[in-house]
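Chemist: One structure, as structure tokens, below. Some questions next.
The values are calculated or read from the model by the stated rules, or taken from the named source; none is laboratory data. None of these values were measured; they are calculated from a predicted model. A quick note on method: Cβ atoms are made from the backbone with ideal geometry, for glycine too, and the neighbour counts reach across all protein chains shown.
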């Protein structure tokens, strides 16, 4: 299973994903689910993936090949030169459709599922920070002020804290704490989501990653947040008015 | 959908359920999912139900008929005179099997599902407070010190707070606050779970309900807990160490 969460707030974009994949409970591996693309000063993109790993890796590898081809021939289009973030989402959706067309039926006949979904976040020079959820069929929706976050994978454990805290005006600092709690709650309640994590933060108009790092199992910052949160919610619950 | 949660702690049993049922999004009704049985000084039982409403109502109505029959003829067995809580769980499971045998196949042919599960909680004179989860097949498991709570229905949103707070030694007062938060988180994130709620508290060895009441949408106690929790977690998140 997988848990990826992306937030689009006024100050920018915050993205966090786990790295655990599994084919059954007895076959667990580590694969990154976050892929980042940067042309400093021009555009910054992050993709997070969920679902059939052969499908999502196929999409990423096709997108990377297009980037190389466009580097050799600027007349070709890629996610690094497309003229809007919406067009980037279209290109990702199109590659997803192509990989699905090649493999989804054979995968289904083999008794597995080819479902896959992606979160795309980023900003191009001259545009706004934007966040898209791209479905298995290649169609997509965009985060708005009403719904400033998307989740893919094992979404439920980590949703209540997002529902309570995140608004479009939440600061990057608070958004980052909140996605860490959302992930920590998911890690605690679902064994199929696992450390380490991949984190990316994109500040509005910086057109480069403010943070792009791996959070390992023994990361002192993440551990401090998890532990401080355990203390805070215990204190919070104990301090509630009594119902008896 | 449904959300029911039951806790078995050293001080006793805490049970909370919602009351919303739906057949599709456009057909929402209110039905209690908590059924209580009391012989003060002798035994106290509560059942919470989830799944196909015709199945679970059928089970409860068969159990009630057996109670009436046993009242007329004490040689007959019912959940109010069975000689252990495990035997009560067996009787509930057997009635569930009988209702399933009569209806599950026709229900399946009609394109619906007959799945149902129940939580059974209670104590008989001379025994301990016990909590069981009874599955669709009539089999059941019991809560232990390792796993002192069960949930049925829409379980995920409300699980992280239980995982963090509940141990076998959690007080009834804290357990009650925690199930209210677990329910409030579920209500906030899932439209198919709805107020009002049914609450029951059974203190160890009291052999009667300490609390058995409906929590209406405008209940001041529940609203105060929900609101105090919103404030507490916002303060808690804001007070976390920064990750930037």
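Chemist: If we keep just the residues of region A:220-233 that are without any contact (Cβ under 8 Å) to a residue 12 or more places away in the chain and either in contact with a strand residue (DSSP E or B) (Cβ under 6 Å, 6 or more places away or on another chain) or more than 7 Å from chain B (Cβ to nearest Cβ) (or both), which is surrounded by the fewest Cβ atoms within 10 Å (Cβ to Cβ)?
Modeler: The qualifying residue surrounded by the fewest Cβ atoms within 10 Å (Cβ to Cβ) is A:220.
Chemist: Of all residues in region B:134-166, which are touching a helix residue (DSSP H, G or I) at 6+ places or on another chain (Cβ under 7 Å), within 14 Å of chain A (Cβ to nearest Cβ) and not in a helix (DSSP H, G or I)?
Modeler: B:149, B:151, B:154, B:157, B:158, B:166
Chemist: Here is a follow-up. Looking at region A:39-54, which of its residues are over 14 Å from residue A:129 (Cα atoms) and touching a strand residue (DSSP E or B) at 6+ places or on another chain (Cβ under 6 Å)?
Modeler: The answer is A:48, A:49, A:50, A:51, A:52, A:53.
Chemist: Let me ask something else. Output the number of the condition that residue A:244 fails; it satisfies all remaining conditions of (1) over 30 Å from residue B:210 (Cβ atoms); (2) in contact with a strand residue (DSSP E or B) (Cβ under 8 Å, 6 or more places away or on another chain); (3) surrounded by fewer than 15 Cβ atoms within 10 Å (Cβ to Cβ).
Modeler: (1)
Chemist: State whether one or more residues within region B:194-202 are at pLDDT below 95 and at the interface with chain A (Cβ under 9 Å from one of its Cβ atoms).
Modeler: No, the conditions are met nowhere in region B:194-202.
Chemist: Now, a different point. If I filter region A:167-180 for residues that are within 21 Å of residue B:162 (Cβ to Cβ) and at the interface with another protein chain (Cβ under 9 Å from one of its Cβ atoms), do I get at least one hit? It would help to see each step written out before you state the result.
Modeler: So in region A:167-180, the residues within 21 Å of residue B:162 (Cβ to Cβ) come out as A:178, A:180.
Then drop every residue that is not at the interface with another protein chain (Cβ under 9 Å from one of its Cβ atoms), which leaves A:178, A:180.
Yes, there is a match, as at least one residue in region A:167-180 is within 21 Å of residue B:162 (Cβ to Cβ) and at the interface with another protein chain (Cβ under 9 Å from one of its Cβ atoms).
Let's see how each residue does on (1) touching a strand residue (DSSP E or B) at 6+ places or on another chain (Cβ under 8 Å); (2) outside any loop (DSSP other than H, G, I, E, B); (3) touching a residue at least 24 places away in the same chain (Cβ under 8 Å):
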{"site": "A:173", "(1), (2), (3)": "no, yes, no"}
{"site": "A:181", "(1), (2), (3)": "no, yes, yes"}
{"site": "A:184", "(1), (2), (3)": "no, yes, yes"}
{"site": "A:201", "(1), (2), (3)": "yes, yes, yes"}
{"site": "A:205", "(1), (2), (3)": "yes, no, yes"}
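Chemist: Is it true that some residue in region B:140-152 is within 17 Å of the chain's Cα centre (by Cα), closer than 26 Å to residue B:7 by Cβ, surrounded by 21 or more Cβ atoms within 10 Å (Cβ to Cβ) and free of Cβ contacts under 8 Å to residues at least 60 places away in the same chain?
Modeler: No; the residues of region B:140-152 include none that is within 17 Å of the chain's Cα centre (by Cα), closer than 26 Å to residue B:7 by Cβ, surrounded by 21 or more Cβ atoms within 10 Å (Cβ to Cβ) and free of Cβ contacts under 8 Å to residues at least 60 places away in the same chain.
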